[in-house]
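I have placed the structure first, in the form of structure tokens, so that the comments after it can refer back to it.
The values are calculated or read from the model by the stated rules, or taken from the named source; none is laboratory data. It should be emphasised that the depicted structure is a prediction, and the values quoted were computed from it without experimental measurement. Please note: Cβ atoms are built from the backbone with ideal geometry, for glycine as well, and neighbour counts cover all protein chains shown.
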Amino acid sequence: MRRGGGEGVNRGAEALFTGTYTNKVDAKGRVSVPAEFRNLIAQEDDDSIVCFPALYGNCLEGGGPTLLEHLYDMIEQMNPYADDRVAFEISILADCQRLNFDGEGRVTLTGAFCKYADISDYVTFVGLGDKFQMWNPVLYEEHRLKYRQLASQNRGLLQRHRTPPPRQREE
């Protein structure tokens, strides 16, 4: 089941994960990653996704190797002995797993991932730009409605940063 999206949006040289897709999980824990997401990951010359329990919501976050590099770069800038850094290292890096695509574009979700995100029969993939999330479809619908309402209430915060037109030189 597909809710929207498309081929992914290109933002300069950077392609973005977009759209929402719900796919069946088979008895072995395998689920097909949406073709649009696989195509974006293939642009990074990889045949796997990196995945870890999200820091908010009962879902998984995933993306290509660039996502993990960006997260590591942010963590690396923190004080190496700070509790906050250790918390991110444990919550992201230690819990992160590389899930390889099989010949049919599926990945196998581990039992720990399924338990954390309450995933059993179906997974909803949600494109969020440089990453995507994997949700139990019922939990995602509740999450989506909550944040759709918040976005509507705060729509005035979205502003396009405009570059002022160049000044005319006086001669």
Please go through the stretch 22-51 and pick out each residue that is closer than 16 Å to Glu61 by Cβ and outside any helix (DSSP H, G or I).
Val31, Val33, Pro34, Ser48, Ile49, Val50, Cys51
Looking for something hydrophobic (A, V, I, L, M, F, W, C), surrounded by fewer than 16 Cβ atoms within 10 Å (Cβ to Cβ) and under 15 Å from the mean Cα position of the chain (by Cα) - is there at least one such residue anywhere in the stretch 122-144?
yes
If Met1 passes every condition in (1) at pLDDT 95 or above; (2) exposed (fewer than 13 other Cβ atoms within 10 Å of the Cβ); (3) within 18 Å of Asn136 (Cβ to Cβ) but one, which one does it miss?
(1)
Matching residues, the stretch 104-117, being over 22 Å from Asp46 (Cβ atoms) and either in a strand (DSSP E or B) or out of contact with any Cys (no Cβ under 9 Å at 6 or more places or on another chain) (or both)
Gly111, Ala112, Cys114, Lys115
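Conditions (1) within 18 Å of Val25 (Cα to Cα); (2) among the hydroxyl-bearing types (Ser, Thr, Tyr), marked per residue:
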site	(1), (2)
Val107	yes, no
Thr110	yes, yes
Tyr116	yes, yes
Thr124	yes, yes
Gly127	no, no
Lys131	no, no
Asn136	yes, no
Leu145	no, no
Ala151	no, no
Matching residues in the stretch 28-48 - criterion: being under 17 Å from Ala117 (Cα atoms) and either under 14 Å from the mean Cα position of the chain (by Cα) or free of Cβ contacts under 8 Å to residues at least 60 places away in the same chain (or both)
Val33
Going through the stretch 53-83 in order, the residues found to be without any contact (Cβ under 8 Å) to a residue 60 or more places away in the chain, in contact with a Lys or Arg (Cβ under 7 Å, 6 or more places away or on another chain) and either β-branched (Val, Ile, Thr) or buried (at least 17 other Cβ atoms within 10 Å of the Cβ) (or both) are Ile75
